[in-house]
Structure formats: structure tokens, C-alpha cells
Amino acid sequence: MSTFWQDLRYGARMLLRKPGFTLVAVITLALGIGANTAIFTVVNAVLLRSLPYPQPEQLVRIGGTNLQRNKTLGTMSPQDFYDWRDRNTVFESIAAYDSWSPSLTGTGEPERLAAGRVSASFFNVLKSEPALGRSFLPTEEQRGNQMVAVLSYGLWQRRFGADPKIVGRQIMLNSVGYTVVGVMPRDFESPQFSGIGFEQPELWAPFAPDLTQWSRSGRAVDAAIARLKAGVSLEQAQAEMHLIARQLQQQYPEENAGEDVSLASLHGQLVGKIRSALLVFLVAVGFVLLIACANVANLLLARAAARQREMAIRTALGAGRYRIVRQLLTESLLLSALGGLLGLLLALWATDYLVALGSDSIPRLGSIGLDLRVLSFTTALTFLTGIAFGLAPAISTSNPDLNETLKEGGRTSTGGAGRQRVRSLLVVSEIALSLLLLIGAGLLIKSFMRLQRVDPGFDPRNVLSMSIFLPGTKYPEESQHVAFFDQLDERAASLPGVEAVGMVSNLPVSGNFDTVSFYIEGQPVPAPANVPDVERYTINSDYFRAMGIPLLSGRPFGAQDRADAPAVAIIADTAARRFWPNESPIGKRIKLGSLDNPERPWISIVGVVGDVRHYGLDIAPEPQLYLPHRQNPTQFMTLVVRSTGNPEGQIAAVREQVWAIDRDQPVFNIKPMESFVAESIAPRRFTMLLLGLFATVALVLAIIGLYGVMSYAVTQRTHEIGVRMALGAQGSDVLKMIVGHAMTLVMIGVVTGLVAAFALTRVISSFLYGVSATDAWTFVAVPLLLCAVAAAASYLPARRATKVDPMVALRYE
């Protein structure tokens, strides 16, 4: 330990003696270590950290699957869920979850809440107990007994002032009284089910569906979770659930034809979509760190040449090679430790940036933070980094040629051809790795640019959207739904600056959808498994004008399309071409749902409109069907208001019109349509920006490394350059020699990087849209850009070499 402290003190003095060198090396390492720590912090929180429940490995997600249509639906019917619950022997407990958006009134401004209707066993499955009161009782799943609620800790504080007497108090949800029976702890997190969104529920009520209102084919349950019994594997549970699904197929051949059950780890299901992106980021920042290590190694090699005499003297005085290597590695580890500390500070800042950038793209970001695993990772990374960049210079320096080095002229030694080859190899590696990252970033940028040019099928500019849900308890009749939205339509359209007011049951690119099967009059009746689906949207008469959706043929909806008028519909272009190829669909008739249901009318098609990309800009439109809201009333509608100026300026005015009709009616999801479009491509933007940032840092580090190597080479070859110029070489000859040497290294790195890119860019193919993983334009443009920047970086030291005075260069030192 005494010699270790001696090495440490000496290393510190050496670093303080060269503050410029130390600062450059520490900042370079901090960039690499900080970027790795920041990404690992996200990976740790999202992928590695267990779900915040006891025995989280026992938790599984259950979803419905239709085998005949090869389509995973995820949702399920209440009847199927109850059969799964009653017949299985592999689950300790199982619970249903259905998303809910009640209106909270009676305590301040009306507010729409993110909530869930859950089985009484929901909290038991998660093994989570309320901080106040209790969870639900099995009897509260029965109709008539379900008017109770459990609050989240945040809602309890925000709307009820953390009232300790809240248990037993009645609150108004959808104008109906619910008794609060419990409050969950501050740290409780409800599972965020894929497809339902990342919004945390603030309230839970019992799941008690009216089975007389739902057929077995009605998929009214969003998700189900279960806890495996001890000793039961996921594969065993899946096998039993397959068996139960086959029994239900035989028992209900019409409703359950092709219906199966799929199981997945709850943690894996929550993070499955982001896993590959995070792993790509982790590899990318690993490349950045390797480039940083190569840079610092080159700095140390250059510095080692200046310390050859010192090492020769140490060796002559009896220091062994191991002792010298240990001293030099101690200095490297000290540098790495300083870089690690600064990198940790950079990671704290970068993590906040990542949370802000990826809040709409990455689940579980709320749990991000430094913990023992992150600190251990940073410590190990710092140690390995110090070894990685310090080992080659230490070994190279530890065995000097005493006779040559101790001569007077040895002070200008170049350090040997071997050391030059190592420096050149490091530069080649930096260029290759940076090119690989640049090509990946270039592919993502080109993909994102193409995605932004995709026509969504509507014009989002100057359009404001806001959602309204009419509670069935207060508006039980369909005629009341029609009256409310008609009145709101009239009021909003009369506001100054409003061009058009539209309403739709499911807003484009909002994540909501509704599909229904249908039959075409005059065409053969397909087998049950082959009945086509169509996306169904309920709209008002001015929706297409408000959204800028073009009418291709026929007519829009009008005042004549009343509830007592013949049923009509408008279809989109894809549906027209798919189901009525080579003929006009105008005047054709369809029936939705069951063909034998006499209550379902035949619907005449009166118009064709352009397709809308409802699921996202990168997903091709499916067949779409629009119905007039007076003939198909719905409780939930989204208002879209096209204005002449900034759409956000209409928020207060439109909200006042809603409250003028019903003061207790909350308005939610208020944002411009351009925000919805931007959010739909947020995951791709996140991936592009992050990989682009890593590629930029890598390029800067690689170019700095190239500049440093060439600058050092010019310094070491000053004597040689003086001889050449004394013998008649021109400045242009020296310039070509220096730049040519640099570009040789660059071209080797480019070729190596291109080979690696051809092999590895397929990893990011799932993140690309309209661009091949081996896109020729990117594979040509990026290397040319890199070569141009590298040529500029090598030109500066080459230009300095042309200014060498032969008399000064040849003077005896």
C-alpha cells in the first residue's frame, strides 16, 4: 500500500504538471463515461429493475388471441375472463382491468380522471395494500354493490387535501356517488398496459359488467393480469390456458371460433417494444466510449514519447518492467477516475434530458435514478476504461532502449515504428466506429425525414382538439347525446375565428380505435373466420371540412341524415378499392356486426373520402367507415375546431361553451392536432436524436484524435521535413505527404467501417421507414462527409509543416 500511495501521489503531480493534457483527457473520458452511465440508468430503470411488487417474476399478462385471423387482440370478453378465472389451476389469483375515464365533480372544477375498473383481486394479484382503508371485497364485483372507489395517493393529496378522514366519504363520479374505501401508498404504481398508454390511473372502482349487455364476442375487458402459483412456470400456465381456450371453442363454437389465450411476463410485456432500442443505444454509447479510450490512448502514447528518457533512467536505476507498468497504469486510472466523476455529473444532467425527451416513448421513466447498480456500473466502467486506454501506452513505454534513449539525441526520438503503428491503428479504429455510428444516424435521419413527408390524410394545421365524455348516469338516452353535441356544434361554430367544427368518436393518431365486422349485400357470405373488419368512426356533418379530409366522390353527411332517415355511411378510399374493385361503391349496401340481427339495418354508402393514417404515419391505412352521429350516437366525442389563427387561442372560449351547456362536464385531452401528429412519431424522433447525438460526439472525438496524431507526427518529423525541404522539396510536396498519410488512415478506417455497417445496420431496420438498412445514398454520402471533415482536420497540421524553416529544423539541439 505504501508504494501504491507513492504511485498515486506521483501520478497526481504528473497530471498537475500538464494541466492542458489532463483537461483534454478528462473531458474526453467524461463524455464517454457520462453517456454510458446515462443510457445505463435508463436501461436499469426500464429493463433491469424489477417491477415494484413482491415476487414480480410471478406476474403475467393475459390477452385474447384469434388464431384464424392471426391477430392478437389483447382484449377479451367478460365471460371469457370469468371462465379463465374459474377453470384454471395455475394461478394464485387473476384480475381484470378495464380503462375508465370518469368525471370528478362536486369539489372544484370538473375533471376527467385516468382510472380503471378492476376485479376485487387486482390489488391482491400485485400484493399491494392500501395506506388507508381497504381494497375491494369480492361482493363488490356484483352489480349494485360496485359504487366504491380506491384513490391514488396523488389524487388524495391534490383534490382532497390529504384528508385523513377520506375513507367512508362520498365523491361524485359521473354524477353518481361513490364511497371511498381506501387510499393507495405514495409509491404504488399501477401496471401500464401496452396499448392503453403510460398514464397512471388515479382511481380504481370494481369491475362489475352487466353481462346481459355484453355478448361473449364483445371484448369489453382491456387487460388481465395474474400471479402464478409457486413452482408453476409460464410455459405450464400457457399450456393449461390453451386447453381451456379449446374447451371454450367447443362449448361456444360461434362466439369463440379461433379464440385462444396468450400469456407473457408482465415485465417483458411492458418493456418489450423499447428493449431493442435501448440495447442499440447501449451499443452505440459503447462505441463512443471506445473512441474516447482510443483518443486518450493516443494522447498517452504521444506523452510517453516525451517521457522515454525518464523511463530509461528509472530502468537504469533498477526499476523493473512491472513496476513501471504499475506506475503508468496508476496515472491512467487516476485520469479515468477524474473522468468518471465528471461523467457522473454529466449523466445526472443527461438523464433529466432523456426523461424529458422520452416521456412519451419509454415506459417506467418515473423510476429512473441513481442506485447501487448504476453506481457499481459507473465504477466498474471507470476502472475498465482506465485499463483499456492505459495498458498499451504503459507496455509500450515500459521497455525502453537504454543505449538509444540515454544518448543526447534520444530526446528527439520518434518512439519507434511499433508505437507509430499503434497510434495509426487507434485512429483507424476511431474512424471506423464513428463511420458506423454516422451511417446509423444517417439512416434514421433520412427515415424520419421521409416519415415527416407522409401525408396523414388530413391537415393538422390550425386545428384544436378536445375530448368530451358524457356519463351514462346523467345522459342515459341516445337522444340526449345527440342533443348535447348538436348544441355544442352550433355554439362552437359561432365563435369568432372558427372556420369549421368537427366531431369524431376516435381521433386520428390518438391511439384509440374501434373495429367492427361487416357484410356486403350481393356478395357471397364469407366463413366466420374470413368476415372482413372495418374501422368505424362516428362523426358530425362538418368533420371532413374541419380536418381537411378530401371528399373523392358522392356527398358528405347533412341535415337530412337524421335518426329516422335511411342509414347511410361514407367509406375511405382503401375500403372502396378493396371491397368494390373496378366499380363505384356509391349506392352499395352493407350491414355491420351480425348478418342475422334484424335490429342492424342495411347501410347505404353515399360517399368516398381520402384515407387517414389513424394508427400513425408509418402504418398504412386500413379500411375505414364513417357514420353520422345522429344515426349512431355515442357518449364519447372529440371536438376538432379549425380556426383562422393560433388554435390554442380558442381553448378558453370552447371550454366556456361546454360549461354553458353543462357546468359539471369536464373537457380533457386539449391540444392542437399538430401535437398529436408529433407524438405519434415521438419514439422515432427519440431514437434519431439520441443516435444522432452519439454519432456527432463520436465524429468530433475521431476528428480530434486524427488532428492530434497528425499534429504530433508533424512535430516528431520536423527534422525529416527540414531535410526534405533542404534537398528541394516544395511546400506542396510536404502538404501532400502529410495529408496523404492522414487520408490513408482515414480510407482504411472508412473501408473497415463500411464493412461493419453493411453487417450491423440491419439491427436498426425495424426503426426505419421507407429506407433500406443498406441505403446507397447514405453509404456514399456519409463516408464522403467524413473524408471531407478528416481532410480538413489533417490539413491544419500539414499546413504548419510547410512553414518549417530548414535551418531551424537542422540545427543541432
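The values are calculated or read from the model by the stated rules, or taken from the named source; none is laboratory data. Given the structure is predicted, the values throughout are model-derived calculations rather than measurements. Because the Cβ atoms are built from the backbone with ideal geometry, glycine has one as well, and the counts that use them run over all protein chains shown. Only protein heavy atoms, including side chains, enter the accessible area calculation; ligands, DNA and RNA are left aside. Shrake-Rupley method; radii C 1.70, N 1.55, O 1.52, S 1.80 Å.
What to note about this one:
- Residue count for region 737-787 satisfying the condition of being over 30 Å from R421 (Cβ atoms) and among the small types (G, A, S): 7.
- Condition check for L784 on (1) modelled with pLDDT under 90; (2) of a type outside the set (D, E); (3) open to solvent by 20 Å² or more (accessible area, probe 1.4 Å); (4) assigned to a helix (DSSP H, G or I): one failure, at (1).
- Within region 565-587, tally of residues that are open to solvent by 70 Å² or more (accessible area, probe 1.4 Å), touching a residue at least 24 places away in the same chain (Cβ under 8 Å) and of a type in the set (D, E, K, R): 1
- The condition of being closer than 11 Å to R642 by Cβ and either touching a strand residue (DSSP E or B) at 6+ places or on another chain (Cβ under 7 Å) or not in a helix (DSSP H, G or I) (or both) holds for only one of P460, P471, P496, that being P460.
- Among the criteria (1) among the hydrophobic types (A, V, I, L, M, F, W, C); (2) surrounded by 18 or more Cβ atoms within 10 Å (Cβ to Cβ); (3) modelled with pLDDT of 90 or more, the one A793 does not fulfil is (3).
- Looking only at residues of region 608-649 that are touching a helix residue (DSSP H, G or I) at 6+ places or on another chain (Cβ under 9 Å) and of a type in the set (G, A, S), we find that the one that is nearest to G554 (Cα to Cα) is G610.
- Some residue of region 89-102 being within 30 Å of I661 (Cα to Cα), out of contact with any Asp or Glu (no Cβ under 6 Å at 6 or more places or on another chain) and either open to solvent by 40 Å² or more (accessible area, probe 1.4 Å) or not hydrophobic (A, V, I, L, M, F, W, C) (or both): yes
- Which listed residue is within 18 Å of V609 (Cα to Cα) and touching an Asp or Glu at 6+ places or on another chain (Cβ under 9 Å), from S553, S541: S541
- Screening region 490-523 for residues that are among the aromatic types (F, W, Y) and open to solvent by 20 Å² or more (accessible area, probe 1.4 Å) and picking the one that is nearest to P585 (Cα to Cα) gives Y519.
- When region 1-43 is filtered for residues that are farther than 15 Å from L344 by Cα and under 22 Å from the mean Cα position of the chain (by Cα), only V43 remains.
- Residue identified as in contact (Cβ under 8 Å) with a residue 12 or more places away in the chain and more than 24 Å from V609 (Cβ to Cβ) among G497, G502, G457: G497
- Taking strands (runs of 3 or more DSSP E) as the structural unit, no element lying wholly within region 122-217 holds at least 1 residues that are open to solvent by 70 Å² or more (accessible area, probe 1.4 Å), of a type in the set (K, R) and out of contact with any Cys (no Cβ under 6 Å at 6 or more places or on another chain).
- Unique match (being within 24 Å of I619 (Cα to Cα) and either among the β-branched types (V, I, T) or surrounded by 19 or more Cβ atoms within 10 Å (Cβ to Cβ) (or both)) among V750, V771: V771
- Some residue of region 610-618 being open to solvent by less than 60 Å² (accessible area, probe 1.4 Å) and of a type in the set (D, E): yes
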